[in-house]
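Notes follow once the structure below has been shown.
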Amino acid sequence: MKVASFLEDIKFNEMKPAVSLLLDTDFSKEIRVVFKKGQIMEDHQAPFAIIVQVIKGCIDFGVEGEVQQMNTGDIISLKPQVVHNLTATEESVVRLSLSKSDTLKRVKNV
């Protein structure tokens with residue numbers, strides 16, 4: 001059994017969203033992305049399907065030219081290779097579920 005908290009020990013990065021691995025399971029990687037208001041993850045894509053959930057706060061989630069406002073509790077899934085971006089409209093904590101085959105390094109480089 002593995003246990004982690006998305007809301008404990010939150011550390012913001014002044015320059016860009018802070019990315020950290022919370023759980024590495026047999027089938028997925030659970031990533032926490034912490035945004036200060038106004039921080040952006042520019043257009044990027046994932047090689048595998050992903051799930052993004054807003055744990056706390058509000059983000060604008062852009063997908064192929066359309067923007068979806070996501071609030072606390074909202075969740076979205078994307079197929080592989082879909083171009084997307086995130087902009088925090090307030091301080092936010094976001095859960096990113098990655099395929100076991102994907103890498104934390106790729107996310108940190110966005």
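Here are the numbers for this structure:
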quantity: Qualifying residue in the stretch 77-88 (condition: polar (S, T, N, Q), under 12 Å from the mean Cα position of the chain (by Cα), at negative phi and surrounded by fewer than 16 Cβ atoms within 10 Å (Cβ to Cβ)); calculated: yes
quantity: Of residues in the stretch 49-65 being in contact with a Ser or Thr (Cβ under 7 Å, 6 or more places away or on another chain) and not in a strand (DSSP E or B), the one surrounded by the most Cβ atoms within 10 Å (Cβ to Cβ); calculated: 57
quantity: Residues (more than 25 Å from residue 64 (Cβ to Cβ), of a type in the set (A, V, I, L, M, F, W, C) and either surrounded by 21 or more Cβ atoms within 10 Å (Cβ to Cβ) or in contact with a His (Cβ under 8 Å, 6 or more places away or on another chain) (or both)) located in the stretch 24-42; calculated: 34
quantity: Criterion (more than 22 Å from residue 12 (Cβ to Cβ), touching a residue at least 40 places away in the same chain (Cβ under 8 Å) and hydrophobic (A, V, I, L, M, F, W, C)) met by exactly one of 67, 83, 94, 63; calculated: 83
quantity: Candidate set: the stretch 10-23, residues that are without any contact (Cβ under 8 Å) to a residue 60 or more places away in the chain and in contact with a strand residue (DSSP E or B) (Cβ under 9 Å, 6 or more places away or on another chain); chosen: the one surrounded by the fewest Cβ atoms within 10 Å (Cβ to Cβ); calculated: 11
quantity: Where residue 73 falls short, out of the listed (1) more than 12 Å from the chain's Cα centre (by Cα); (2) closer than 18 Å to residue 107 by Cα; calculated: (2)
quantity: Verdict on residue 93 being surrounded by 13 or more Cβ atoms within 10 Å (Cβ to Cβ), at pLDDT 95 or above and not in a loop (DSSP other than H, G, I, E, B); calculated: yes
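For every residue, the table says whether it meets (1) outside any strand (DSSP E or B); (2) of a type outside the set (Val, Ile, Thr); (3) within 14 Å of the chain's Cα centre (by Cα); (4) modelled with pLDDT of 95 or more.
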| residue | (1), (2), (3), (4) |
| --- | --- |
| 1 | yes, yes, no, no |
| 5 | yes, yes, no, yes |
| 16 | yes, yes, yes, yes |
| 21 | no, yes, yes, yes |
| 26 | yes, yes, no, no |
| 32 | no, yes, yes, yes |
| 38 | yes, yes, no, yes |
| 41 | no, yes, yes, yes |
| 47 | yes, yes, no, yes |
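Here is a yes/no grid of residues against (1) of a type in the set (A, V, I, L, M); (2) over 19 Å from residue 106 (Cα atoms):
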position	(1), (2)
10	yes, yes
14	no, yes
18	yes, no
28	no, no
38	no, yes
46	yes, no
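The values are calculated or read from the model by the stated rules, or taken from the named source; none is laboratory data. The shown structure was predicted, so the numbers you read here are calculated from the model rather than taken from an experiment. Note that each Cβ is placed from the backbone with ideal geometry, even for glycine, and that neighbours are counted across all protein chains shown.
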